[in-house]
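J.: Encoded as structure tokens, here's the structure I'll be asking about.
The values are calculated or read from the model by the stated rules, or taken from the named source; none is laboratory data. What you see is a predicted model; the values in this text were computed from it and never measured. Counting neighbours? That spans all protein chains shown, and the Cβs are built from the backbone with ideal geometry, glycine included.
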Amino acid sequence: MKPVLLLKTHFGFDQFRPLQEEIIDCVISGKDAFVLMPTGGGKSLCFQLPALMMPGVTLVISPLIALMKDQVDALKANGIPAEFINSTLTRPEIDQIQAEARRGNIKILYAAPERLILPEFQLFLKTITVSLIAIDESHCISEWGHDFRPDYRNLIMLRNIFPEVPAMALTATATKKVREDIICQLSLAKAKIFISSFNRPNLSYAVLPKKNSYDQLINLLREQQHESAIIYCFSRKDTEHLAADLRQEGFKALPYHAGLESEARRTNQEKFIRDEAQIIVATIAFGMGIDKPDIRLVIHYHLPKSIEGYYQETGRAGRDGLPSQCVLFYSYADTIKQQYFIRQIESEAERKNAYRKLDQMVEYCELTTCRRHYLLAYFGEDYQHEKCGGCDICLSPKKEIDATIISQKIMSAIIRTGQRFGINYIIDVLHGAKNKKIIERDHHNLSVYGIVDDFSKEDLRRIISQLLSRKLIVKSGDEYPILELSPRGNEFLKKREEIHLPKFKSIAKLSQPSDEFEAGYDRELFETLRVWRKKIADEQGVPPYVVFDDLALRQMAFYLPQSEENFSRISGVGAEKLKQYGQIFTEVIQTYAKENNLSEKDVPVKRSARPHRANRLGPTHLETKKLVLQKMSIEKMVSLRGLSTGTIAAHIEKLVSSGEKIDIDYLRPPVERFATIKAAFQESGGTALSPVREMLGEQFSYEELRIARLFLKL
Ligand code: ADP
Ligand code: MG
Ligand code: ZN
């Protein structure tokens, strides 16, 4: 059977997500694969579906025992013979599973990595036909990753026992160092590499000022009604206090942190997964072990340490593809707390690195341009749209203010104090703070002392960060960066230029309906179906999402399918689920429809052939290709096509990554500059442009870095 048909029969889905089909084609043709996809990208399907097409067993290595069980439960609910072997099973249970596997009755077998060194398990493996080896969360093999598991080193042995069996490694970890380590350690040199976009279009991003944050939090949670949310806090104590406060307000909220007893941790997590607790208030210790697809809200109630961490934590929202929100409460005061911890780091290199990461996080919070663009650029991806339509900046109506006078005041204060101080000091001077240091230095007698009373501290920080991003002022130093005027800034003052800066207002509701049915599904029916889902899930001892995910219920609550045929077209309804749950759910829908005098609508069958049009080359890329073939310089292309250098560079990058036959050697940067850039990329440990640009400074433009990056791999 063709993969797309198996997708509907076994998993109930109509379309592949980006790259899934290509990855499946690759492994069923017997080749190794390395898969890099963001959380929620749909990695599991990339080994679960091939498993159904191959003769023997697909062996899946996965680090987390709880996850193994949930995944096996989900497979079984779809009628797929799957089992797991780990330390939670008794000897007789393991024996029985192994016997079933020998008889060929198991298609997908999950195992924990520590099993692999047991001689008994190795013997067992030799008695079955293994068709495919899948190593999930494969970054666990790397010491460079955030979640190193020594047991993962045993996997090399698997490769030795089954040298002929195709293997695939899957991860959501974006750093290059870890990526290379995985490929090397698992001998995946010949693997085909699949890297999908890290954009999560269904997630919206917002940063709210940490003022009245508790009230804002309550409002956000009220809007969510019964939907699941994670709130990340700074300390263990914070999580417990906030969870208790929320319970007082009537929310079902539980804490989670590494200091809780393991039993309490387990039950709190379990309650969250089973929709018995709506909210988990956690430290960042929470999240690795859960695949819950319907988390609608991830809140950071404190400032994360790095963009990587932030992106990973927010990534846990909306795995099922439905609109979900990521909200960060920001106040500059939080950075001071973080700086305190950074100061305790002994190694100088690590300390500097930590300051740099924190600084990027602050930069993100103070952005006045698209947040998604910034996040993706951080991971080296070029997000081409001007507005993402899903962040507070892109969604808020932009108003400009004339910032000429306030900018002049700020810049004069920097000059008058001798270009030796940081943001906070400059703001204090402008506000006329009675700060001891200011008085000692006699800065209270400067003409700029106390000349600002119409802008708050936060406003001034924002304006300064915009002056920084416009390169009128520059910042140097790690721990206490100081502000200076750039040559551009001096010119700006001298020529009395005007400047207009955007003014922003945060808006509360960011989620946008992603589909026609989204806006108009029947909430009451949805809630009714949800109750039934929970009831059935409890009877079967599985999490509710294993029965049906939210998308399935929302579609049911929109189309009200009552015939078997119509019901079977709902997303997530495969052959097995139709058989198991079809009748119950159609009856519930029927009753509701009758009582409310509603009629059934036809569920459309979606079957677009290839979903990721966004990745294709368009006419504009091909136009650039023509010019590259003529060996035209970038500057010439820019003037000829009337596009920016950045866009041309991005075109060339896309042409190369799409495998177009073009010779770009004539664009190679001069040897010395290239060596500098290369070293910086190596030091950054990734392929993201912004960290490298930060290291190298203004002497190197983003465009040059982007072009140079193309030659790193050659
Ligand atoms: P990852 O391991 O990459 O984080 P998962 O494999 O857990 O992601 O998948 C995330 C969610 O997406 C799951 O709920 C899964 O059922 C759903 N999913 C995967 N592939 C598809 C698809 N082709 N169509 C619809 N939903 C899908
Ligand atoms: Mg996964
Ligand atoms: Zn945006």
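J.: Against the definition (surrounded by fewer than 22 Cβ atoms within 10 Å (Cβ to Cβ) and within 13 Å of ligand 1 (Cβ to nearest atom)), how does Ala77 come out, yes or no?
T.: yes
J.: Can I ask one more? Looking for something in contact with a strand residue (DSSP E or B) (Cβ under 9 Å, 6 or more places away or on another chain), part of a helix (DSSP H, G or I) and under 28 Å from Ala74 (Cα atoms) - is there at least one such residue anywhere in the stretch 283-290?
T.: Checked against the condition, which is being in contact with a strand residue (DSSP E or B) (Cβ under 9 Å, 6 or more places away or on another chain), part of a helix (DSSP H, G or I) and under 28 Å from Ala74 (Cα atoms), the stretch 283-290 yields no hits at all.
J.: Anything in the stretch 12-48 that is within 7 Å of ligand 1 (Cβ to nearest atom) and more than 18 Å from Ser138 (Cβ to Cβ)? List them, or say none.
T.: Hits for the stretch 12-48 are Phe13, Gln15, Phe16, Arg17.
J.: Could you pull out the residue among Ile279, Ile183, Ile193, Ile231 that is under 21 Å from the mean Cα position of the chain (by Cα) and closer than 30 Å to Phe16 by Cα?
T.: Going through Ile279, Ile183, Ile193, Ile231 in turn, just one is under 21 Å from the mean Cα position of the chain (by Cα) and closer than 30 Å to Phe16 by Cα: Ile193.
J.: Another one. Of (1) more than 9 Å from ligand 1 (Cβ to nearest atom); (2) at pLDDT 95 or above, Leu7 satisfies all except one. Which?
T.: Failing condition for Leu7: (1).
J.: Looking at (1) more than 14 Å from ligand 1 (Cβ to nearest atom); (2) in contact with a Cys (Cβ under 6 Å, 6 or more places away or on another chain), which is the only condition Pro63 fails?
T.: Only one criterion in (1) more than 14 Å from ligand 1 (Cβ to nearest atom); (2) in contact with a Cys (Cβ under 6 Å, 6 or more places away or on another chain) is unmet by Pro63, namely (1).
J.: Here are Glu114, Glu100, Glu21, Glu93: which of them is surrounded by 20 or more Cβ atoms within 10 Å (Cβ to Cβ), of a type in the set (Asp, Glu) and away from ligand 2 (no atom under 15 Å from the Cβ)?
T.: Glu21
Let's see how each residue does on (1) surrounded by 18 or more Cβ atoms within 10 Å (Cβ to Cβ); (2) out of contact with any Gly (no Cβ under 9 Å at 6 or more places or on another chain):
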site	(1), (2)
Ser204	yes, no
Pro209	no, yes
Ile218	no, yes
Asp238	yes, yes
Gln248	no, yes
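J.: What do you reckon, is Phe455 surrounded by 15 or more Cβ atoms within 10 Å (Cβ to Cβ), assigned to a loop (DSSP other than H, G, I, E, B) and modelled with pLDDT of 90 or more?
T.: Here the answer is no, as Phe455 does not meet what is asked.
J.: I would also like to ask the following. For a quick check of your reading of the model, give me the residue pairs whose first member lies in the stretch 177-194 and is touching a residue at least 40 places away in the same chain (Cβ under 8 Å), whose second is among the hydroxyl-bearing types (Ser, Thr, Tyr) and in a loop (DSSP other than H, G, I, E, B), with beta-carbon atoms closer than 8 Å and at least 6 apart or on different chains.
T.: Sorted first by the residue in the stretch 177-194, then by its partner, the pairs are Lys177/Ser142; Arg179/Thr173; Asp181/Ser142; Ile182/Ser142; Gln185/Ser142.
J.: Now a separate question. Take Ser571 and tell me if it is modelled with pLDDT under 95, within 25 Å of Leu5 (Cβ to Cβ) and hydroxyl-bearing (Ser, Thr, Tyr).
T.: Taking the combined requirement at face value, the residue satisfies it.
Table: residues versus (1) among the aromatic types (Phe, Trp, Tyr); (2) without any contact (Cβ under 8 Å) to a residue 12 or more places away in the chain; (3) within 16 Å of ligand 2 (Cβ to nearest atom).
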| site | (1), (2), (3) |
| --- | --- |
| Gly315 | no, no, yes |
| Asp334 | no, no, no |
| Tyr378 | yes, no, no |
| Ser396 | no, no, no |
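J.: For Leu158, are the conditions met, namely being under 17 Å from Ile108 (Cβ atoms) and within 16 Å of ligand 1 (Cβ to nearest atom)?
T.: no
J.: So, in the stretch 686-712, exactly how many residues are surrounded by fewer than 18 Cβ atoms within 10 Å (Cβ to Cβ), of a type in the set (D, E, K, R) and in contact with a helix residue (DSSP H, G or I) (Cβ under 9 Å, 6 or more places away or on another chain)?
T.: Within the stretch 686-712, residues that are surrounded by fewer than 18 Cβ atoms within 10 Å (Cβ to Cβ), of a type in the set (D, E, K, R) and in contact with a helix residue (DSSP H, G or I) (Cβ under 9 Å, 6 or more places away or on another chain) number 1.
J.: Please work out if Glu100 is of a type outside the set (Phe, Trp, Tyr) and either under 27 Å from Tyr545 (Cα atoms) or part of a strand (DSSP E or B) (or both).
T.: Against the criterion (of a type outside the set (Phe, Trp, Tyr) and either under 27 Å from Tyr545 (Cα atoms) or part of a strand (DSSP E or B) (or both)), Glu100 does not qualify.
J.: Also: For the stretch 162-177, which residues satisfy the criterion of being of a type in the set (Val, Ile, Thr), away from ligand 1 (no atom under 16 Å from the Cβ) and modelled with pLDDT of 85 or more?
T.: Within the stretch 162-177, Val165 is the sole residue that qualifies.
J.: With the requirement that a residue be basic (Lys, Arg) and in a helix (DSSP H, G or I), what does the stretch 156-196 give you?
T.: Matches in the stretch 156-196: Arg159, Lys176, Lys177, Arg179.
J.: Also: Looking at the stretch 49-67, is at least one residue in a loop (DSSP other than H, G, I, E, B), crowded, with 22+ Cβ neighbours inside 10 Å, away from ligand 3 (no atom under 16 Å from the Cβ) and aliphatic (A, V, I, L, M)?
T.: Scanning the stretch 49-67 turns up no residue that is in a loop (DSSP other than H, G, I, E, B), crowded, with 22+ Cβ neighbours inside 10 Å, away from ligand 3 (no atom under 16 Å from the Cβ) and aliphatic (A, V, I, L, M).
J.: Quick one: in the stretch 197-207, of everything that is assigned to a strand (DSSP E or B) and of a type in the set (A, V, I, L, M, F, W, C), which residue is nearest to Phe379 (Cα to Cα)?
T.: Leu203
J.: Does Leu667 satisfy being in contact with an Asp or Glu (Cβ under 9 Å, 6 or more places away or on another chain) and at pLDDT 80 or above?
T.: So Leu667 does not fit the description; no.
J.: Okay, moving on. (1) at pLDDT below 85; (2) surrounded by fewer than 18 Cβ atoms within 10 Å (Cβ to Cβ): which one isn't true of Lys636, the others all being true?
T.: (1)
J.: Name the one entry in Lys337, Lys352, Lys387 that is touching an Asp or Glu at 6+ places or on another chain (Cβ under 7 Å) and surrounded by fewer than 20 Cβ atoms within 10 Å (Cβ to Cβ).
T.: After applying the criteria, what remains is Lys352.
J.: Out of the stretch 537-589, which residues are assigned to a helix (DSSP H, G or I) and β-branched (Val, Ile, Thr)?
T.: Result: Val546, Val547, Ile584, Thr586, Val588, Ile589.
J.: Identify, by number, the condition in (1) buried (at least 20 other Cβ atoms within 10 Å of the Cβ); (2) within 16 Å of ligand 3 (Cβ to nearest atom) that Ala377 doesn't meet.
T.: Among (1) buried (at least 20 other Cβ atoms within 10 Å of the Cβ); (2) within 16 Å of ligand 3 (Cβ to nearest atom), the lone unmet condition for Ala377 is (1).
J.: Moving to a separate point now. Residue under question is Val27, and the condition is that it be crowded, with 21+ Cβ neighbours inside 10 Å and either over 31 Å from the mean Cα position of the chain (by Cα) or part of a helix (DSSP H, G or I) (or both); does it hold?
T.: For Val27, the condition - crowded, with 21+ Cβ neighbours inside 10 Å and either over 31 Å from the mean Cα position of the chain (by Cα) or part of a helix (DSSP H, G or I) (or both) - is met.
Conditions tested, residue by residue: (1) in contact (Cβ under 8 Å) with a residue 60 or more places away in the chain; (2) in contact with a Lys or Arg (Cβ under 8 Å, 6 or more places away or on another chain); (3) farther than 19 Å from Gln15 by Cβ.
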position: Phe558; (1), (2), (3): no, yes, no
position: Glu587; (1), (2), (3): no, no, yes
position: Pro604; (1), (2), (3): no, yes, no
position: Gly618; (1), (2), (3): no, no, yes
position: Ile634; (1), (2), (3): yes, no, yes
position: Ser639; (1), (2), (3): no, no, yes
position: Ala649; (1), (2), (3): no, yes, yes
position: Leu655; (1), (2), (3): no, yes, yes
position: Ile664; (1), (2), (3): no, no, yes
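J.: With the checklist (1) within 26 Å of the chain's Cα centre (by Cα); (2) part of a helix (DSSP H, G or I); (3) not β-branched (Val, Ile, Thr) in hand, flag the one item Gly686 doesn't pass.
T.: Status for Gly686: all satisfied but (2).
J.: Which of (1) within 16 Å of ligand 3 (Cβ to nearest atom); (2) acidic (Asp, Glu); (3) assigned to a helix (DSSP H, G or I) does Glu386 not meet, given it meets every other one?
T.: Glu386 satisfies every listed condition except (3).
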